[in-house]
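To start, the structure under review is shown below, and the notes come after it.
The values are calculated or read from the model by the stated rules, or taken from the named source; none is laboratory data. It should be emphasised that the depicted structure is a prediction, and the values quoted were computed from it without experimental measurement. Ideal geometry is used to build each Cβ from the backbone, glycine not excepted, and the neighbour counts take in all protein chains shown.
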Amino acid sequence: MTFKVSVGAKLSIKNDGHLEREAKNYQQFPEHFFQHWSGYNFIPPLHDPTPALAVVPQFYGYYVPEEGEAKDGEYLSPILLLEDCGVPVNVGELDMDDRHECVSLLFRLHCAGWLHNSFFPRNILMQHGDMRHWPACRKLENRRFRLVDFGRSHIFLP
């Protein structure tokens, strides 16, 4: 079976360790963070069910340039490849169901023992429709959300 996906590439600036930490976090996340389920979850403290979709983008790898690839003084950034999950949310445009779905992602992260440490609207991505379909075939009313930017995140022990 073959399929096409849209991929986003993240780069770093020199001497910034966030990208490497983010890649390590993606490798440590539990498998269910990446899985798409049909149905709904009840995530405390919310009282209404929310869709049981993936919490984070699919992780396609972290690539580091080999020694000697860079020319004198040139910086070659490592590359983090992730599923392209759309654009940052505009909170003012979200209805209450969408807001509950967004915050449920954070609650699911916490239930699994993770702290995000950079929870801002810019770190919640939204894409219209089912991400398995071509962009032109997606329905505008079916929004999907993902948490991103885990360079400051870590596991916590309650």
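Within region 84-97, the set of residues being at pLDDT below 95 and either in contact with a strand residue (DSSP E or B) (Cβ under 6 Å, 6 or more places away or on another chain) or under 21 Å from Ile13 (Cα atoms) (or both) comprises Asp84, Cys85, Gly86. If I filter region 59-66 for residues that are surrounded by 13 or more Cβ atoms within 10 Å (Cβ to Cβ) and either aliphatic (A, V, I, L, M) or under 16 Å from Phe145 (Cβ atoms) (or both), do I get at least one hit? Checked region 59-66: at least one residue is surrounded by 13 or more Cβ atoms within 10 Å (Cβ to Cβ) and either aliphatic (A, V, I, L, M) or under 16 Å from Phe145 (Cβ atoms) (or both). Taken over region 142-152, the residue count meeting the criterion of being over 12 Å from the mean Cα position of the chain (by Cα) and either at pLDDT 95 or above or part of a strand (DSSP E or B) (or both) is 2.
Figure legend. Inter-residue proximity from region 104-127: first residues free of Cβ contacts under 8 Å to residues at least 12 places away in the same chain, second residues buried (at least 17 other Cβ atoms within 10 Å of the Cβ) and in a loop (DSSP other than H, G, I, E, B), beta-carbon distance below 9 Å, spacing 6+ or different chains. Indicated pairs: His110/His116; Phe120/Asp149. Cβ-Cβ distances below 9 Å connect the following pairs, each with a first residue in region 83-99 that is over 14 Å from Pro51 (Cβ atoms), a second residue that is assigned to a loop (DSSP other than H, G, I, E, B) and among the β-branched types (Val, Ile, Thr), and a separation of six or more residues or different chains: Glu83/Val5; Glu83/Val56; Asp84/Val5; Cys85/Val56; Cys85/Val148; Pro88/Val148. Taking the criterion of being more than 15 Å from Ala52 (Cα to Cα) and among the basic types (Lys, Arg), the only residue of region 100-128 that qualifies is Arg122. The selection criterion, being more than 24 Å from Ser118 (Cβ to Cβ) and of a type in the set (A, V, I, L, M), holds for Val5.
For beta carbons closer than 6 Å, sequence separation of 6+ or different chains, a first residue in region 17-29 that is in contact (Cβ under 8 Å) with a residue 60 or more places away in the chain and a second that is of a type in the set (Ser, Thr, Tyr), the qualifying pairs are Leu19/Ser12; Asn25/Ser153.
The residues of region 33-50 that are surrounded by fewer than 13 Cβ atoms within 10 Å (Cβ to Cβ) and in contact (Cβ under 8 Å) with a residue 60 or more places away in the chain, listed by number, are Pro44, Pro45.
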